[in-house]
Each structure stands twice: as structure tokens, then as C-alpha cells.
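The values are calculated or read from the model by the stated rules, or taken from the named source; none is laboratory data. This one's a predicted model, so the numbers in the text were calculated from it and none came from an experiment. Here Cβ is always computed from backbone atoms with ideal geometry, including for glycine, and neighbour counts include all displayed protein chains. Keep in mind that these areas ignore ligands, DNA and RNA; they rest on the heavy atoms of the full protein, side chains included. Shrake-Rupley method; radii C 1.70, N 1.55, O 1.52, S 1.80 Å.
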Amino acid sequence: DQQVKQNSPSLSVQEGRISILNCDYTNSMFDYFLWYKKYPAEGPTFLISISSIKDKNEDGRFTVFLNKSAKHLSLHIVPSQPGDSAVYFCAASGGIIQGAQKLVFGQGTRLTINP
Amino acid sequence: DTAVSQTPKYLVTQMGNDKSIKCEQNLGHDTMYWYKQDSKKFLKIMFSYNNKELIINETVPNRFSPKSPDKAHLNLHINSLELGDSAVYFCASSQGPTDTQYFGPGTRLTVL
């Protein structure tokens, strides 16, 4: 029962173009969403987040869009740079449970930026 | 300075053995976590401690036992290792239970 899914295991984009990574979720109780970036042999690092009260959040080259009715979010990277090549994980949280925020992760999308 | 560190980085062992993975954070955070990344690449929460108190305990076999000697450390002990325990285990920490989580580099456990 995977509540967060990233259906594209990999994505290849030319440098300078836009990268769009997608994520779908099934649990309507999720109210906070995050994207993490992971380089080989390193742990995931936080990239950007969005609350369910918003439909867009922007941070520099990174923008996350949330479509609650479709239970879908996407991460846009523009312009894409070679250093963006990494695995991107989508994660969701359904609020505070037992005093903690439990994150549910997708399986990741490997983004490759080609020169 | 590594913020969240894990030892060892790689661990290869035989079925039935008992092993431990150590995690330390120097961020002064109060909350620590253990995640398992399985063969399908999903990262799944196993445990979370806040101020040395267990706050999340997912449905994992009781062969897995976390131990938090102090706020900066959360170790994972695994008894009677099985083939299915082979995975990458990530430790993470956050200032509080609802704050951004910072991950360690992971420990790749291979059970033969």
C-alpha cells in the first residue's frame, strides 16, 4: 500500500531546459509535502516544501505545484543545471501523530541533466 | 563537520548474526529517526525518538531495537538477521518532531 508514488523512475533533460518531476498520492489526509534531493553515497537533503493551503511555492530555480483535487504535485526546475543530476524523492505528511510528523516517501526519480 | 553520521557505511554479515548500526548528530537536535530503503527504493520510517523517548514505532519486527543513550545518538540493533533485512538504513534528525529532517549518508546492510 504505497501512498506516495513517483511513476517515472528516471528523467533525462537537456541543460538549460525545464525539468518536471511528478508525484501522486492517495491519502487525502496528507497536508504537507516535501521534495528531497539525493546524490550517490549521501543521504537525502531537503529541497522545498508546500502546505496544502497553498498551490504553489517557489524558491529560486525550484517551484513546487500542488493539485489537491488530483492528489498530484510536481517539482519544476528551471533552468536545469548539471548539478541538479540526482535522485529526487517526494514525501508527504498527514499532520502530527503521536507528537511527531511522520513522512511517507515515494520511490524516487533519477534526474539526469545532459550538457 | 558531518552533521549526521552513521557507522559503518557498509555491513556484510551472515544470516542469524546480531549487528548494530550507530548514528550520531552534532546539530543539537532533539528528534532522531531510522528509515529503511528497501529494494523498491521506498524510504520507510521505522522509529523516531524525541528527547530520548520513543514517539514513532512502525510495524517492524521486534528483532529491531533502537537505543538512544543521549539526544545526540540513536543506534539500531538487529538480532537474528534475515535475508530480507538487506537494505540501506538511513538515520535522520530534526530540531523537533515537526521540523525539517536531516539525513545521514546511509548504511548498506547485506545479509548473506
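Points worth noting:
- Reduced Cα scattering model of chain A, Debye log10 I(q)/I(0), q = 0.13, 0.15 Å⁻¹: -0.46, -0.61
- Per-residue accessible area (protein heavy atoms, 1.4 Å probe) orders A:I53, B:I55 as A:I53, B:I55, starting from the largest.
- Positive minus negative residues near A:P115 (Lys, Arg vs Asp, Glu; Cβ under 15 Å): -1
- Distance distribution note for chain B: the fraction of Cα pairs above 21 angstrom is 29%.
- Rounded if a/c under 1.5, otherwise prolate or oblate - the protein assembly as shown, Cα gyration tensor axes: prolate
- Net +/- balance of residues flanking A:Q3 in space, Cβ distance below 12 Å, scoring K and R +1, D and E -1: +2
- Per-residue mean of foreign Cβ neighbours for A:82-94 is 1 (Cβ atoms of other chains, 10 Å radius).
- Taking every residue in B:95-101 and counting other chain Cβ atoms within 10 Å of its Cβ, the average works out to 5.
- The protein assembly as shown, accessible area per residue, ligands and nucleic acids excluded (1.4 Å, Å²): 48 Å²
- Cut-off 11 Å between beta-carbons: net charge of the residues surrounding B:L43, Lys and Arg +1, Asp and Glu -1: +4
- With a threshold of 22 Å on the Cα-Cα distance, the over-threshold entries among A:K5/B:K41; B:K9/B:K41; A:K38/B:K40; A:K54/B:K36 are A:K54/B:K36.
- For the chain pair B and A, the interface hides roughly 1800 square angstrom of accessible area in total, found with a 1.4 Å probe.
- For segment A:7-70 versus segment B:43-112, the gap between their alpha-carbon centres in whole angstrom: 25 Å
- Residue by residue along B:37-48, Cβ atoms of other protein chains within 10 Å of the local Cβ number 5 on average.
- Averaging the sequence gap over all C-alpha pairs within less than 8 Å and six or more residues apart, then dividing by the number of residues, gives chain B a relative contact order of 37 percent.
- Surface composition of the protein assembly as shown: carbon plus sulfur atoms hold 49% of the accessible area, using a 1.4 angstrom probe and ignoring ligands, DNA and RNA.
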